[in-house]
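Take a look at the structure below.
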Amino acid sequence: MTDIPDLSDKIVVVTGANSGIGYVTARELGRRGAHVVLACRDPERGKNALDRMRAEVPDARLELRQVDLASLASVREFAAGWDHDRLDLLINNAGIAAVPFARTADGFESQFGVNHLGPFALTGLLLPHLRAAPAARVISVGSMAHRFVRFDLDNLNAERSYRAAFHYGRTKRAVLYFAMELQRRAAAAGLALRSMAVEPGFTRTNVMTGGANATRGRLYLTAMRLAERIAFRPPEEGAKTSLYAATVPDLPGGSYIVPDWPLQMRGEPTRRTREPALYDAETAGRVWELSERLTGVTYDLPEPA
(Lines give C-alpha, C1' and ligand atoms only; values in the text may rest on other atoms or scores of the structure.)
Protein backbone atom coordinates (compact mmCIF):
# COMPACT_ATOMS: atom_id res chain seq x y z
CA MET A 1 0.00 0.00 0.00
CA THR A 2 1.31 3.41 -0.93
CA ASP A 3 -1.49 5.48 0.61
CA ILE A 4 -0.81 4.73 4.29
CA PRO A 5 -1.23 7.98 6.26
CA ASP A 6 1.36 9.46 8.57
CA LEU A 7 1.60 7.33 11.72
CA SER A 8 4.15 9.29 13.69
CA ASP A 9 1.79 9.51 16.67
CA LYS A 10 1.16 5.74 16.85
CA ILE A 11 2.70 3.03 19.05
CA VAL A 12 2.36 -0.40 17.48
CA VAL A 13 2.99 -4.05 18.39
CA VAL A 14 3.30 -6.66 15.64
CA THR A 15 3.68 -10.27 16.77
CA GLY A 16 5.72 -12.56 14.56
CA ALA A 17 7.43 -9.54 12.99
CA ASN A 18 10.67 -11.36 12.25
CA SER A 19 9.51 -12.84 8.94
CA GLY A 20 6.81 -13.05 6.30
CA ILE A 21 3.67 -10.96 6.58
CA GLY A 22 4.59 -9.74 10.04
CA TYR A 23 7.93 -8.41 8.85
CA VAL A 24 6.41 -6.52 5.94
CA THR A 25 3.61 -5.15 8.13
CA ALA A 26 6.04 -3.89 10.76
CA ARG A 27 8.40 -2.42 8.17
CA GLU A 28 5.69 -0.49 6.32
CA LEU A 29 4.16 0.89 9.52
CA GLY A 30 7.64 1.96 10.58
CA ARG A 31 8.20 3.54 7.19
CA ARG A 32 5.15 5.75 7.82
CA GLY A 33 6.50 6.95 11.15
CA ALA A 34 4.96 4.60 13.74
CA HIS A 35 6.98 3.46 16.74
CA VAL A 36 6.92 -0.29 16.07
CA VAL A 37 7.61 -3.03 18.61
CA LEU A 38 8.67 -6.26 16.93
CA ALA A 39 7.27 -8.94 19.24
CA CYS A 40 9.15 -12.14 18.37
CA ARG A 41 9.57 -15.58 19.93
CA ASP A 42 13.21 -16.17 18.96
CA PRO A 43 15.58 -13.38 20.11
CA GLU A 44 18.23 -14.18 17.50
CA ARG A 45 15.81 -14.22 14.59
CA GLY A 46 14.18 -11.10 15.98
CA LYS A 47 17.55 -9.31 16.16
CA ASN A 48 18.35 -10.31 12.57
CA ALA A 49 14.98 -8.95 11.45
CA LEU A 50 15.48 -5.73 13.40
CA ASP A 51 18.89 -5.16 11.81
CA ARG A 52 17.54 -5.86 8.33
CA MET A 53 14.57 -3.56 8.85
CA ARG A 54 16.74 -0.75 10.11
CA ALA A 55 18.89 -1.11 7.01
CA GLU A 56 15.80 -0.90 4.78
CA VAL A 57 14.16 1.97 6.69
CA PRO A 58 16.97 3.84 8.48
CA ASP A 59 14.71 6.47 10.03
CA ALA A 60 12.17 4.02 11.43
CA ARG A 61 11.53 3.92 15.18
CA LEU A 62 11.85 0.23 15.99
CA GLU A 63 12.42 -1.91 19.03
CA LEU A 64 12.55 -5.64 19.68
CA ARG A 65 10.79 -7.44 22.54
CA GLN A 66 10.51 -11.16 23.16
CA VAL A 67 7.21 -13.01 23.53
CA ASP A 68 6.38 -16.68 23.05
CA LEU A 69 2.67 -17.16 22.40
CA ALA A 70 3.04 -20.84 23.32
CA SER A 71 3.75 -19.79 26.93
CA LEU A 72 1.28 -17.85 29.03
CA ALA A 73 4.13 -16.96 31.39
CA SER A 74 5.96 -15.31 28.47
CA VAL A 75 2.79 -13.47 27.43
CA ARG A 76 2.30 -12.19 30.96
CA GLU A 77 5.94 -11.09 31.16
CA PHE A 78 5.63 -9.17 27.90
CA ALA A 79 2.48 -7.38 29.06
CA ALA A 80 3.89 -6.65 32.52
CA GLY A 81 6.96 -5.06 30.92
CA TRP A 82 4.98 -2.64 28.76
CA ASP A 83 6.40 0.79 29.60
CA HIS A 84 4.86 3.08 26.97
CA ASP A 85 1.98 5.32 28.01
CA ARG A 86 -0.45 3.61 25.65
CA LEU A 87 -0.79 1.15 22.76
CA ASP A 88 -2.49 2.41 19.61
CA LEU A 89 -2.32 -0.69 17.44
CA LEU A 90 -1.92 -4.39 18.24
CA ILE A 91 -1.53 -6.73 15.28
CA ASN A 92 -1.91 -10.36 16.33
CA ASN A 93 -0.07 -11.75 13.34
CA ALA A 94 2.06 -14.65 14.62
CA GLY A 95 0.79 -18.17 14.10
CA ILE A 96 1.60 -21.73 13.12
CA ALA A 97 -0.09 -23.91 10.51
CA ALA A 98 -0.88 -27.61 10.17
CA VAL A 99 1.97 -28.73 12.41
CA PRO A 100 2.44 -32.22 13.87
CA PHE A 101 0.63 -32.73 17.17
CA ALA A 102 2.31 -31.09 20.16
CA ARG A 103 1.37 -29.36 23.39
CA THR A 104 2.40 -25.90 24.56
CA ALA A 105 4.13 -25.18 27.85
CA ASP A 106 0.66 -24.84 29.40
CA GLY A 107 -0.66 -28.10 27.97
CA PHE A 108 -2.72 -26.70 25.11
CA GLU A 109 -2.67 -28.19 21.62
CA SER A 110 -0.01 -26.08 19.94
CA GLN A 111 -2.08 -24.53 17.13
CA PHE A 112 -4.92 -23.67 19.50
CA GLY A 113 -2.41 -22.22 21.96
CA VAL A 114 -0.35 -20.16 19.53
CA ASN A 115 -3.04 -19.09 17.05
CA HIS A 116 -5.80 -18.25 19.50
CA LEU A 117 -5.19 -18.58 23.24
CA GLY A 118 -1.84 -16.75 23.22
CA PRO A 119 -3.21 -13.74 21.28
CA PHE A 120 -6.40 -13.79 23.39
CA ALA A 121 -4.32 -13.56 26.57
CA LEU A 122 -1.94 -10.97 25.13
CA THR A 123 -4.78 -8.69 24.02
CA GLY A 124 -6.54 -8.98 27.37
CA LEU A 125 -3.41 -8.20 29.35
CA LEU A 126 -2.61 -5.21 27.11
CA LEU A 127 -6.20 -3.93 27.21
CA PRO A 128 -5.50 -1.18 29.79
CA HIS A 129 -2.86 0.26 27.44
CA LEU A 130 -5.18 -0.04 24.45
CA ARG A 131 -7.86 1.78 26.42
CA ALA A 132 -5.37 4.57 27.12
CA ALA A 133 -5.09 5.28 23.37
CA PRO A 134 -7.65 7.65 21.83
CA ALA A 135 -8.68 5.23 19.04
CA ALA A 136 -6.88 1.90 19.39
CA ARG A 137 -7.20 -0.97 16.95
CA VAL A 138 -6.67 -4.70 17.38
CA ILE A 139 -6.07 -6.64 14.16
CA SER A 140 -6.36 -10.43 14.22
CA VAL A 141 -4.87 -12.35 11.29
CA GLY A 142 -7.03 -15.29 10.25
CA SER A 143 -7.04 -17.64 7.29
CA MET A 144 -9.34 -18.74 4.49
CA ALA A 145 -8.88 -22.26 5.91
CA HIS A 146 -11.61 -21.54 8.47
CA ARG A 147 -14.26 -21.90 5.75
CA PHE A 148 -13.45 -25.51 4.98
CA VAL A 149 -13.83 -27.10 8.40
CA ARG A 150 -16.66 -27.95 10.75
CA PHE A 151 -16.15 -25.94 13.92
CA ASP A 152 -16.05 -28.26 16.93
CA LEU A 153 -16.00 -26.25 20.13
CA ASP A 154 -15.65 -29.41 22.21
CA ASN A 155 -12.45 -30.48 20.46
CA LEU A 156 -10.58 -27.20 20.07
CA ASN A 157 -7.88 -28.43 22.43
CA ALA A 158 -7.64 -31.81 20.63
CA GLU A 159 -9.20 -33.68 23.53
CA ARG A 160 -10.59 -36.41 21.27
CA SER A 161 -8.77 -36.33 17.94
CA TYR A 162 -6.27 -34.33 15.91
CA ARG A 163 -5.97 -33.73 12.18
CA ALA A 164 -3.42 -31.00 11.61
CA ALA A 165 -4.93 -29.15 8.64
CA PHE A 166 -8.51 -29.33 9.94
CA HIS A 167 -7.45 -28.25 13.41
CA TYR A 168 -5.62 -25.29 11.90
CA GLY A 169 -8.85 -24.17 10.23
CA ARG A 170 -10.75 -24.47 13.52
CA THR A 171 -8.21 -22.34 15.37
CA LYS A 172 -8.46 -19.67 12.69
CA ARG A 173 -12.25 -19.72 13.01
CA ALA A 174 -11.71 -19.12 16.73
CA VAL A 175 -9.57 -16.11 15.78
CA LEU A 176 -12.46 -14.69 13.76
CA TYR A 177 -14.93 -15.30 16.60
CA PHE A 178 -12.55 -13.57 19.00
CA ALA A 179 -12.15 -10.50 16.81
CA MET A 180 -15.91 -10.04 16.42
CA GLU A 181 -16.68 -10.69 20.09
CA LEU A 182 -14.01 -8.22 21.17
CA GLN A 183 -15.70 -5.60 18.99
CA ARG A 184 -19.11 -6.37 20.50
CA ARG A 185 -17.78 -6.05 24.04
CA ALA A 186 -15.77 -2.91 23.31
CA ALA A 187 -18.88 -1.31 21.81
CA ALA A 188 -20.97 -2.36 24.81
CA ALA A 189 -18.41 -0.65 27.05
CA GLY A 190 -18.54 2.51 24.95
CA LEU A 191 -14.87 2.25 23.98
CA ALA A 192 -13.38 3.79 20.87
CA LEU A 193 -11.32 0.62 20.40
CA ARG A 194 -11.92 -1.14 17.08
CA SER A 195 -11.34 -4.86 16.60
CA MET A 196 -10.98 -6.27 13.09
CA ALA A 197 -9.99 -9.51 11.40
CA VAL A 198 -8.10 -10.05 8.16
CA GLU A 199 -7.15 -12.80 5.75
CA PRO A 200 -3.89 -12.55 3.81
CA GLY A 201 -4.79 -15.04 1.05
CA PHE A 202 -2.24 -17.46 -0.42
CA THR A 203 1.05 -15.99 0.76
CA ARG A 204 4.62 -17.22 0.52
CA THR A 205 5.91 -17.38 4.11
CA ASN A 206 7.74 -19.95 6.20
CA VAL A 207 4.64 -20.95 8.16
CA MET A 208 4.25 -24.19 6.19
CA THR A 209 7.95 -25.07 5.97
CA GLY A 210 9.54 -23.63 9.11
CA GLY A 211 9.28 -24.42 12.80
CA ALA A 212 7.69 -27.78 13.55
CA ASN A 213 6.91 -28.30 9.86
CA ALA A 214 10.64 -28.33 9.05
CA THR A 215 10.79 -31.88 10.41
CA ARG A 216 8.17 -33.30 8.05
CA GLY A 217 10.69 -34.73 5.62
CA ARG A 218 12.19 -33.95 2.23
CA LEU A 219 9.16 -34.93 0.13
CA TYR A 220 6.80 -32.66 2.06
CA LEU A 221 9.20 -29.72 2.05
CA THR A 222 10.01 -30.05 -1.66
CA ALA A 223 6.32 -30.25 -2.62
CA MET A 224 5.34 -27.34 -0.38
CA ARG A 225 8.13 -25.08 -1.63
CA LEU A 226 7.19 -25.85 -5.22
CA ALA A 227 3.52 -25.07 -4.49
CA GLU A 228 4.51 -21.80 -2.83
CA ARG A 229 6.55 -20.70 -5.84
CA ILE A 230 3.72 -21.50 -8.25
CA ALA A 231 0.55 -20.49 -6.42
CA PHE A 232 1.48 -18.27 -3.49
CA ARG A 233 2.09 -14.50 -3.48
CA PRO A 234 5.06 -12.73 -1.89
CA PRO A 235 4.64 -11.40 1.67
CA GLU A 236 4.29 -7.83 0.38
CA GLU A 237 0.99 -8.87 -1.19
CA GLY A 238 -0.20 -10.87 1.80
CA ALA A 239 0.45 -7.99 4.18
CA LYS A 240 -1.93 -5.68 2.32
CA THR A 241 -5.02 -6.72 4.26
CA SER A 242 -3.29 -6.20 7.63
CA LEU A 243 -2.04 -2.77 6.56
CA TYR A 244 -5.47 -1.84 5.20
CA ALA A 245 -7.24 -2.79 8.43
CA ALA A 246 -4.60 -1.04 10.50
CA THR A 247 -4.56 2.28 8.67
CA VAL A 248 -7.70 3.09 6.62
CA PRO A 249 -9.12 6.00 8.64
CA ASP A 250 -12.87 5.41 8.61
CA LEU A 251 -12.96 1.61 8.69
CA PRO A 252 -15.59 0.54 11.25
CA GLY A 253 -14.92 -1.85 14.08
CA GLY A 254 -15.90 -5.42 13.30
CA SER A 255 -14.62 -5.16 9.73
CA TYR A 256 -13.35 -8.31 8.04
CA ILE A 257 -10.77 -7.52 5.37
CA VAL A 258 -9.91 -10.09 2.70
CA PRO A 259 -8.39 -10.23 -0.81
CA ASP A 260 -11.05 -9.53 -3.44
CA TRP A 261 -10.56 -12.60 -5.67
CA PRO A 262 -12.90 -15.63 -5.44
CA LEU A 263 -12.30 -17.64 -2.25
CA GLN A 264 -10.06 -14.77 -1.11
CA MET A 265 -6.96 -16.48 -2.51
CA ARG A 266 -5.41 -13.23 -3.76
CA GLY A 267 -6.27 -9.71 -4.83
CA GLU A 268 -6.63 -6.27 -3.31
CA PRO A 269 -8.09 -5.65 0.18
CA THR A 270 -11.84 -5.40 0.45
CA ARG A 271 -14.36 -5.58 3.28
CA ARG A 272 -16.29 -8.84 3.36
CA THR A 273 -19.67 -8.85 5.07
CA ARG A 274 -21.23 -12.11 3.83
CA GLU A 275 -19.54 -14.45 6.27
CA PRO A 276 -21.76 -16.40 8.72
CA ALA A 277 -19.10 -16.52 11.45
CA LEU A 278 -19.16 -12.73 11.71
CA TYR A 279 -22.70 -12.84 13.08
CA ASP A 280 -22.61 -16.02 15.20
CA ALA A 281 -22.52 -14.22 18.52
CA GLU A 282 -23.62 -17.31 20.46
CA THR A 283 -20.64 -19.42 19.38
CA ALA A 284 -18.30 -16.45 19.72
CA GLY A 285 -19.47 -15.94 23.29
CA ARG A 286 -18.84 -19.58 24.13
CA VAL A 287 -15.34 -19.40 22.62
CA TRP A 288 -14.69 -16.27 24.68
CA GLU A 289 -15.80 -17.92 27.92
CA LEU A 290 -13.67 -21.01 27.19
CA SER A 291 -10.66 -18.83 26.43
CA GLU A 292 -10.98 -16.87 29.65
CA ARG A 293 -11.23 -20.10 31.64
CA LEU A 294 -8.24 -21.77 29.96
CA THR A 295 -5.92 -18.76 30.03
CA GLY A 296 -7.01 -17.24 33.34
CA VAL A 297 -7.15 -13.86 31.58
CA THR A 298 -10.43 -12.00 32.01
CA TYR A 299 -11.34 -8.80 30.21
CA ASP A 300 -12.78 -5.82 32.02
CA LEU A 301 -15.54 -5.55 29.42
CA PRO A 302 -19.27 -6.16 29.72
CA GLU A 303 -21.05 -8.93 27.87
CA PRO A 304 -22.90 -7.55 24.85
CA ALA A 305 -26.65 -7.23 25.26
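The values are calculated or read from the model by the stated rules, or taken from the named source; none is laboratory data. Computed from a predicted model, the values in this text were never measured in an experiment. Every residue, glycine among them, receives a Cβ derived from its backbone with ideal geometry; neighbour counts consider all protein chains shown. For the accessible areas, the whole protein counts, side chains as well, though only heavy atoms, and no ligand, DNA or RNA atoms are used. Shrake-Rupley method; radii C 1.70, N 1.55, O 1.52, S 1.80 Å.
Among the residues examined, Arg216 qualifies as open to solvent by 40 Å² or more (accessible area, probe 1.4 Å), among the basic types (Lys, Arg), over 20 Å from the mean Cα position of the chain (by Cα) and modelled with pLDDT under 70. Of the residues Arg52, Arg27, Arg41, Arg45, only one is out of contact with any Lys or Arg (no Cβ under 8 Å at 6 or more places or on another chain), buried (at least 17 other Cβ atoms within 10 Å of the Cβ) and farther than 21 Å from Tyr244 by Cβ; which? Answer to the selection: Arg41.
Taking the stretch 109-138 as the range and being in contact with a helix residue (DSSP H, G or I) (Cβ under 6 Å, 6 or more places away or on another chain) and assigned to a loop (DSSP other than H, G, I, E, B) as the test, only Ala136 passes. Among the residues of the stretch 8-24, just one is surrounded by 24 or more Cβ atoms within 10 Å (Cβ to Cβ) and at positive phi, namely Gly16.
Working carefully through the options Ala136, Ala102, Ala94, find the one that is modelled with pLDDT of 95 or more, surrounded by 23 or more Cβ atoms within 10 Å (Cβ to Cβ) and farther than 22 Å from Gly33 by Cβ. Break it down into steps so the answer makes sense when it comes.
Numbers: Ala136 fails: farther than 22 Å from Gly33 by Cβ; Ala102 fails: surrounded by 23 or more Cβ atoms within 10 Å (Cβ to Cβ).
Among Ala136, Ala102, Ala94, only Ala94 is modelled with pLDDT of 95 or more, surrounded by 23 or more Cβ atoms within 10 Å (Cβ to Cβ) and farther than 22 Å from Gly33 by Cβ.
Counting only helices (runs of 4 or more DSSP H) that fall entirely inside the stretch 235-305 and contain at least 1 residues that are of a type in the set (Lys, Arg), at pLDDT 95 or above and open to solvent by less than 90 Å² (accessible area, probe 1.4 Å), the qualifying elements are 240-247. When the stretch 63-93 is filtered for residues that are aliphatic (A, V, I, L, M), in contact (Cβ under 8 Å) with a residue 60 or more places away in the chain and not in a loop (DSSP other than H, G, I, E, B), the ones remaining, listed by number, are Leu72, Leu89, Leu90, Ile91. Here the stretch 149-186 is the region considered, the condition is being in contact with a His (Cβ under 8 Å, 6 or more places away or on another chain) and among the charged types (D, E, K, R), and the residue that is least open to solvent (accessible area, probe 1.4 Å) is Lys172.
Yes/no per residue for (1) without any contact (Cβ under 8 Å) to a residue 24 or more places away in the chain; (2) closer than 27 Å to Pro252 by Cβ; (3) of a type outside the set (S, T, N, Q); (4) in contact with a Gly (Cβ under 7 Å, 6 or more places away or on another chain):
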| position | (1), (2), (3), (4) |
| --- | --- |
| Pro134 | no, yes, yes, no |
| Arg137 | no, yes, yes, no |
| Arg160 | yes, no, yes, no |
| Tyr168 | no, no, yes, no |
| Leu176 | no, yes, yes, yes |
| Ala179 | no, yes, yes, no |
| Ala188 | no, yes, yes, no |
| Ala192 | no, yes, yes, no |
